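Contents: one structure, followed by commentary.
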Amino acid sequence: MSPAEYLDEKYQKIRNHILCQIPVVLSELLRNVGSCTMRILGDTPNSVLDHEDRLGSLQSFISAVEDCVRQHHPDDKTLFVAVKFFPGKHSYFVVDVNKTRYNYETADECWDLVPVYCLRLSRRPTIFRKPSLDEPVSRILREMHSGHGQDLLPLCDNHFDPHFCYANPRSLQKLAQKDSST
């Protein structure tokens, strides 16, 4: 077995282990909190993501989260809102559960605080309530909505790209609308 094949096999084993643990960890939380509004912040190690297709390889983790929520609370609504890829060890995704007042058009102005539960994906995944992240995550999502303009969800910030910037932020769109109306 070549070193590349060994690493690929090891990578797949870790991914599969984490994917199998997501329902176990989330099931306990969902039994305890019931059907409520929450924001799941997935703390994902970059080592389990495909560096050629980070968003695509993250999708299986998102699907596992959404499937588990639906299994325990079939009427709950989930929404994969955003992902931020960072160089280093971790990247993050956000899935909202039962956030019924979500409005895409005004999300850059939304000050609603949603309870954040941090889903740490690792060899021993855990999930826990993290009140100190309610405001910062809300602010980051406002900024992402503003920066991405009218981009479709999920919003994706790829900080691996050294030239990353927002191409058409809402603030510029609002200025252009204001200028065209005068």
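Are any of the pairs Lys10/Lys130; Lys13/Lys130; Lys99/Lys130 more than 27 Å apart by Cα-Cα distance, and if so, which?
Too far apart for the 27 Å limit: Lys10/Lys130; Lys13/Lys130.
How high is the relative contact order of segment 3-181, in percent, counting Cα pairs under 8 Å that sit 6 or more residues apart? All intermediate terms of the calculation are to be shown ahead of the outcome.
Working: 257 pairs, mean separation 43.9, N = 179.
Result for segment 3-181 is 25 percent.
Given Cβ point charges of +1 (Lys, Arg) and -1 (Asp, Glu) and nothing else, what value in debye, to the nearest 20, does the dipole of the chain about its Cα centre take?
560
Can you compute the FRET efficiency between Tyr104 and Glu28 using 1/(1 + (r/R0)^6), with r the Cβ-Cβ distance and R0 = 30 Å? Round to the nearest 0.05.
Efficiency, rounded to the nearest 0.05: 0.40.
What's the extension gain from Ala167 to Lys130 if we count 0.36 nm per residue and subtract their Cα-Cα distance?
Separation in residues times 0.36 nm, less the Cα-Cα distance, equals 10.1 nm.
Could you give me the percent of Cα pairs per 10 Å distance bin for segment 1-98, shortest bin first, beginning at zero and ending with the bin that holds the maximum distance?
In order of increasing distance, the bins hold 14, 45, 29, 10, 2 percent.
With θ set to phi - 60°, apply the Karplus curve 6.51 cos²θ - 1.76 cosθ + 1.60 along segment 34-44 and write out the HN-Hα couplings as whole Hz, x wherever there is a Gly or Pro.
x, 8, 8, 7, 7, 10, 9, 9, x, 9, 10
What is the diffusion coefficient of segment 54-145 in µm²/s, taking the Kirkwood radius over Cα pairs and the Stokes-Einstein relation at 10 °C with a viscosity of 1.306 mPa s?
On the way: Rh = 14.3 Å.
Diffusion coefficient, whole number: 111 µm²/s.
Kindly work out what percent of the DSSP beta bridges joining two residues of the chain are antiparallel, to the nearest 5.
The antiparallel fraction comes to roughly 65 percent.
Quick check: residue separation of Arg123 and Glu52 times 0.36 nm, minus the Cα distance between them. What number comes out in nm?
Length difference between fully extended and current span is 23.3 nm.
Quick one: what are the phi-derived ³J(HN,Hα) couplings along segment 24-29, Karplus 6.51/-1.76/1.60 with θ = phi - 60°, whole Hz, x for glycine and proline?
For segment 24-29, the Karplus-derived couplings read 4, 5, 5, 4, 4, 4 Hz, x marking Gly and Pro.
Based solely on its DSSP helices, what 222 nm [θ] is calculated for the chain when runs of n ≥ 4 H residues each add -39,500 (n - 2.57) and the sum is averaged over all residues, nearest 500 deg cm²/dmol?
Helix-only estimate at 222 nm: -14500 deg cm²/dmol.
Convert each backbone phi in segment 143-150 into a coupling constant with the Karplus relation 6.51 cos²θ - 1.76 cosθ + 1.60 (shift: θ = phi - 60°), then list the ³J(HN,Hα) values in order as whole Hz, x for Gly and Pro.
Ordered by residue, 3J(HN,Hα) equals 4, 5, 4, 4, x, 7, x, 9 Hz.
Please check: in the Gaussian network model of the chain (C-alpha springs, under 10 Å), which one of Glu135, Glu143, Glu52 has the largest mean-square fluctuation.
In this elastic network of the chain, the residue with the biggest mean-square fluctuation among Glu135, Glu143, Glu52 is Glu52.
Based on DSSP loop calls and a cut-off of at most 13 other Cβ atoms within 10 Å, the longest stretch of the chain free of exposed trypsin sites (Lys or Arg not before Pro) is what?
No qualifying site falls inside 1-88, the longest such stretch.
Values in this text are rule-based calculations from the coordinates and carry no lab data. Quick caveat, the model's predicted, so the values are computed rather than measured. When we count neighbours, we look across all protein chains shown, and the Cβ atoms used for this are built from the backbone with ideal geometry, even at glycine.
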